[in-house]
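*Asks:* First the structure, which I've put down as structure tokens, then a few questions once you've had a look.
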Amino acid sequence: MTHPHDPPRQWSRPVEEVARAIYEGRNGSGALAWGKRERNHKKPYRGDAHAAITRLISLGFINENGIEAMKAEKEAK
């Protein structure tokens, strides 16, 4: 869930960003902010995010061209 006041995302942290999205999707807008959660609470969400990204790469939905495009977009900013 992205809000207009959120800071721009960095492609260098895809697992963290996916983990945050999973957390926000499961817990809704009334939950404690991701940044205020302790490390142990974030660990299962990061594991889910890593598994999801790994699967997308293995299926070819994310490939080297996509990763390079994300890096180029980040460097252009």
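*Asks:* Provide the solvent-accessible area of Leu56, counting protein heavy atoms only and rolling a 1.4 Å probe, rounded to the nearest 10 Å².
*Replies:* Its accessible surface works out to 70 Å², give or take rounding.
*Asks:* Once you place label points 7 Å from the Cα toward the Cβ at Ala31 and Ile62, how far apart are they in nm?
*Replies:* Going by the 7 Å Cα→Cβ label model, 1.9 nm.
*Asks:* Rolling a 1.4 angstrom probe over the protein chains, ignoring ligands and nucleic acids, what is the accessible area of Ile22 in square angstrom, nearest 10?
*Replies:* Taking all protein chains as shown, Ile22 has close to 40 Å².
*Asks:* Now for a different question. Whenever you get a sec, line up Lys74, Lys36 from highest to lowest accessible area (probe 1.4 Å, protein heavy atoms).
*Replies:* Working: Lys74 90, Lys36 150 Å².
The most accessible residue leads, giving Lys36, Lys74.
The values are calculated or read from the model by the stated rules, or taken from the named source; none is laboratory data. As the structure is a computational prediction, the values presented were derived from the model and not from experiment. Every residue, glycine as well, gets a Cβ built from its backbone with ideal geometry; the counts of neighbours run over all protein chains shown. Each accessible area value is taken on the protein alone, full model and side chains, heavy atoms only, with ligands, DNA and RNA left out. Shrake-Rupley method; radii C 1.70, N 1.55, O 1.52, S 1.80 Å.
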